[in-house]
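Peer 1: A single structure is presented below for examination.
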Amino acid sequence: MPIREVRPAAPTRIEPSLGPLDAPRHAPPAPDGLPHFRAEPRQPGAGATHPARAPQRTPGAPWLRWLLLAVLLLLGVLLIAQHRAWFAQLLPSPQLDHVLDQGDRALAQGHLGDRHPPGARQFYQQAAQISGDNSRALAGLQAVGQAELMRAKAALAEHRLAAADVALKQAYALLGGGTELTTLQQQLARQRAQGVRLADLVAQAQQAYAAGRLTGAGSAAGWYLQVLQADPGNAVARHGLDQVAAALARQARQALASGDINGARRQVQQIATLMPSQADLPALQAELASSVRAAQQALTQKLAAAASLIAAGHITSPAGASALDLYQQVLQADPGNSAAQAGLAHVATALMVQAHAQADAGDFSAAQRLLDQAATLTPHSVELAAARARLAHARAQASAQPVQSGRPAPAAVPPAQRQQALALVQRAQAAAARGDFLLPPGASAFDLYRQALNLDGTSRAARAGLQALPQLAANATAQALHDGQLERAAVMLQNYAQLAPGAADVARFQHALGTAWLDLANRDLARGDHAAARSALAQAQRWAPDDARVQALAQGLGGD
């Protein structure tokens, strides 16, 4: 069978054609010699015999998409412009971070930028300019404002008004107000007003110092203390008090040089009260103590010499060298010297003994002169009052008529006068029960008993009441000490010392009173009330100046 050569069919030319622009681009299927069918999707409600329709394309759809895209871009631009700072924070900025870091470091170091810019405030403000409303920069500026508030508060506490004013202005510029800022501004205004008043006080103090009024009412010390009471840290007032203390120290040394121990002691006590830390005070106290010891030795020698003169009968003569003269010299140097006060009582008693002798001899004028001299020494002595009553009674007897057996007949006291004397005695007893032993004048128990004796020299009730007054005063002193009424105890002790000059237990009461004041000073010191402690110590020094515990506390408070 002959073999036929099969040749491929000649290629059919495919003409290019433009299909739908949105049709998918793929090669047509290769011819396979079979009939071709195309299935069309059935449309709802359409018959199977309807021919398939090609999809319709909406005219102009690409332009709508481009328009939508342009609108979206415009909205994005507007959104970014409106919230530029927020978007800026999403993007890293090396310059902004560097400025903010500088602000944080300056704030941590307390370099706020008000004195030597740039500081934290300037750095945060620069950051805000770079990034608009940067939250970190705004928080930093708020922190700077709060730091300025704290600085203003500290300056006000130290009364640095200019610094407080600058800090408050910076805080107001950063914070814009607030309750705390308003409160500090009000405090600044009050301190400025007070500063004007304190300046007036300082001026008055300086004038008083120039006039030599160092202490007391209207003195330099008084004005300066008022300034320190309102402003404890006032440097001008403290310097002024230091000047006052230095002037008092000069006066104290002058008093020591002239032998005025009491004057020097007063000046030293004033220095210890005003300026206990005064640099010259310890040396001055040592000089005073040395002078006191030397003066005490001299006084002891004078007291011994005065006692010898009394024993020898040289009571008031010779002038300038009698027992009376020596005792008065001791009291001039030491007014509270109990031995000298007792010595004057002995002199007064000796004068009363002489007065009795002159009255018995009929020389009533001489007796009166002696009693008057004794009255200058112990004016409230019960013995002196009794001696005056006896002298008045003796004069009345001497003037009575007739004289029988060489002795005057006792003078009769009229009944009305006797009743007046009895009424005075009753009033005197009531005054003594109240503790009015020597005061008020004319209505005290002592004065009322004397008036009764002047009316009726024979009144036993008046004599007994008068003689009982010293013991009543001693009892009142002891009771006041027991009850802790130290001021009343001091008054009662003074009454007792005058009613019974030279009594042995006066010194004992004085020491007990000084000890009670010392105990009070220690209690005040334990409570931290140094002012009250110094006041109580001053009383302790008055009543028990030689007590070692009083001296120790005085040195302790002096260095406080």
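Peer 1: Length gain on complete extension for the stretch residue 399 to residue 460, per 0.36 nm per residue less the alpha carbon to alpha carbon distance?
Peer 2: 19.8 nm
Peer 1: A further question on this structure: Calculate, in nm to one decimal, what residue 547 and residue 363 gain on full extension: separation in residues at 0.36 nm each, minus their alpha carbon distance.
Peer 2: This chain segment gains 61.3 nm when fully extended.
Peer 1: Which whole-number percent gives the relative contact order of the range 388-517, counting Cα pairs below 8 Å spaced six or more residues apart?
Peer 2: This gives 18 percent for the range 388-517.
Peer 1: Follow-up question, since we're still on this one. Just to make sure I understand: if all protein chains stay in place, what is the order of 530, 98 by accessible area at 1.4 Å, largest first?
Peer 2: 98, 530
Peer 1: Assuming R0 = 22 Å, can you tell me the calculated FRET efficiency for the pair residue 108 and residue 154, based on Cβ-Cβ distance, to the nearest 0.05?
Peer 2: For R0 = 22 Å, the calculated efficiency reads 0.80.
Peer 1: Filter the trypsin sites (Lys or Arg not before Pro) in the range 410-517 to those in DSSP coil with at most 12 other Cβ atoms within 10 Å of their Cβ, and list the result.
Peer 2: Qualifying residues, ordered by number: none.
Peer 1: Sticking with this one: How much length is gained on full extension from residue 135 to residue 434, taking 0.36 nm per residue of separation minus their Cα-Cα distance?
Peer 2: Full-extension gain reported as 99.3 nm.
Peer 1: Which FRET efficiency, nearest 0.05, do residue 283 and residue 532 yield, Cβ-Cβ r, R0 22 Å?
Peer 2: Efficiency, rounded to the nearest 0.05: 0.20.
The values are calculated or read from the model by the stated rules, or taken from the named source; none is laboratory data. What you are looking at is a predicted structure, and each value in this text was computed from that prediction instead of being measured. Cβ sites come from the backbone with ideal geometry, for glycine too, and all protein chains shown count toward neighbours. Just so you know, the surface numbers come from the protein's heavy atoms only, side chains and all, with ligands and any DNA or RNA stripped out. Shrake-Rupley method; radii C 1.70, N 1.55, O 1.52, S 1.80 Å.
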